[in-house]
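Derivation of every value follows stated rules applied to the coordinates shown; laboratory data play no part. Every value quoted in this text rests on a predicted model; they were computed, and no experiment measured them. Using ideal geometry, Cβ is built from the backbone for each residue, glycine included, and neighbour counts are taken over all protein chains shown.
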Amino acid sequence: MSFIKCEKLVLGYEGIPVAENISFEVCRGDYLCILGENGAGKSTLMKTLLGLTPLMNGSITYGGGLERYEIGYLPQQTFVQKDFPASVWEIVLSGTLSKCGRRAFFGKEEKKLAEKNMRRMDIWELKKECYRNLSGGQQQRVLLARALCASSKLLVLDEPVTGLDPKVTVEFYQLIKALNNEGLTIIMVSHDIHAAVKYASHVLHVEKERSFIGTPKEYVKSDFWKDIGGSVR
């Protein structure tokens, strides 16, 4: 069952398209990795799916019991965000805001959900720590726990391993895959073609006027793979 169906999308800013003719769908349980060169429209596509950037043309349909506000989002981190002076508990708990309704405070259910996802990400012992004092890998686990508080259906991750060392990068990829194996649907933007082929169920390669959508096995046989000089490890 499709969570998201996109048909003939045209993406861009202020009337200037950056990518066109993009059609794909994301079904429950999929792990979609979005690839492409810098400026190809990957992050623009993410923000369009989330409703943060208006769609220039085409259609996006949400279904399968998924509402757009139910999508968890882990954005690229900026320097300012990495230096945010809040506790781990405060940041993760903020992911439950949409569940508070009109209440101006967090209830027992929101706090239980935050604790559950902090334990899930193995950061419960860090709950009182200041976010800015954590390592890059720990910070990403905090943001992932926050995103899991926002949604148990679909997570959107924008370059989640940027700036992480190789060992932590592998651990984070394995963590995302484990969440997917538990039934969570994943959409991830990445520059890592080999991680996409290894972990994803589907690959979307975006270019300005064309795109590829298919399984990793289909991707490594495509012209897109040849054009980037890909090799199977």
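Farthest towards the positive end of the charge dipole of the chain, among the residues T96, G39, Q138, is the Cα of T96, using unit charges on the Cβ of Lys, Arg, Asp and Glu. Across segment 51-64, coupling constants 3J(HN,Hα) worked out from phi with the 6.51/-1.76/1.60 Karplus curve, θ = phi - 60°, read x, 8, 10, x, 7, 6, 6, x, 9, 10, 10, 9, x, x Hz, and Gly and Pro carry x.
Using a cut-off of 27 Å between Cα atoms, the listed pairs K116/K198; K127/K177; K112/K177; K177/K221; K198/K226; K108/K167 include K116/K198; K108/K167 as exceeding that distance. The label-point distance for Y13 and E209, in a model that sets each label 7 Å from Cα toward Cβ, rounds to 2.3 nm.
Proximity of backbone amide H atoms, modeled 1.01 Å from N, is registered between G58 and V10 at under 5 Å, excluding neighbours fewer than 5 places apart on the same chain.
Given Cα pairs under 8 Å that are at least 6 residues apart, what percent is the relative contact order of the chain? Show your work: numbers first, answer last.
On the way: 425 pairs, mean separation 65.5, N = 233.
Contact order relative to length: 28 percent.
Can you tell me the order of 140-149, 186-195, 108-117, 58-67 when each peptide is scored by its average per-residue count of other Cβ atoms within 10 angstrom, highest first? Write down the numbers at each step before the final one.
Working: 140-149: 24.4, 186-195: 20.0, 108-117: 16.4, 58-67: 13.8.
Highest to lowest by the protection proxy: 140-149, 186-195, 108-117, 58-67.
Going by a ≥ b ≥ c, the root eigenvalues of the Cα gyration tensor, does segment 80-152 fall in the rounded group (a/c under 1.5), the prolate group (a/b larger than b/c) or the oblate group? Judged from the Cα gyration tensor, segment 80-152 comes out prolate (a/c at least 1.5, a/b above b/c). Here's how it looks for S87: its modeled amide H is under 5 Å from those of Y131, which are all 5 or more places away or on a different chain.
Of the residues N180, F106, Y62, the one whose Cα sits farthest towards the positive end of the charge dipole of the chain is F106 (charges of +1 on Lys and Arg Cβ, -1 on Asp and Glu Cβ, taken about the Cα centre). Anisotropy class assigned to segment 50-207 is oblate, per the alpha carbon gyration tensor with a/c at or over the 1.5 cut-off and a/b no larger than b/c. Peptide packing: for 152-159, 15-22, 221-228, the average count of neighbouring Cβ atoms within 10 Å per residue gives the ranking 152-159, 15-22, 221-228, highest mean first. Under 5 Å between amide hydrogens, built in the peptide plane, is the criterion, and for I22 it picks out K8, L9 among residues at least 5 positions away or on other chains. In summary, the helical segments of the chain meeting the span-like criteria, namely a full DSSP H run, a Cα extent along the axis of 20 angstrom or more and a mean Kyte-Doolittle hydropathy of at least -1.0, are 136-150, 166-181.
Show me the ranking of peptides 177-185, 1-9 by mean Cβ neighbours inside 10 Å, starting with the highest.
On the way: 177-185: 15.2, 1-9: 17.2.
Put in order of decreasing packing, that is 1-9, 177-185.
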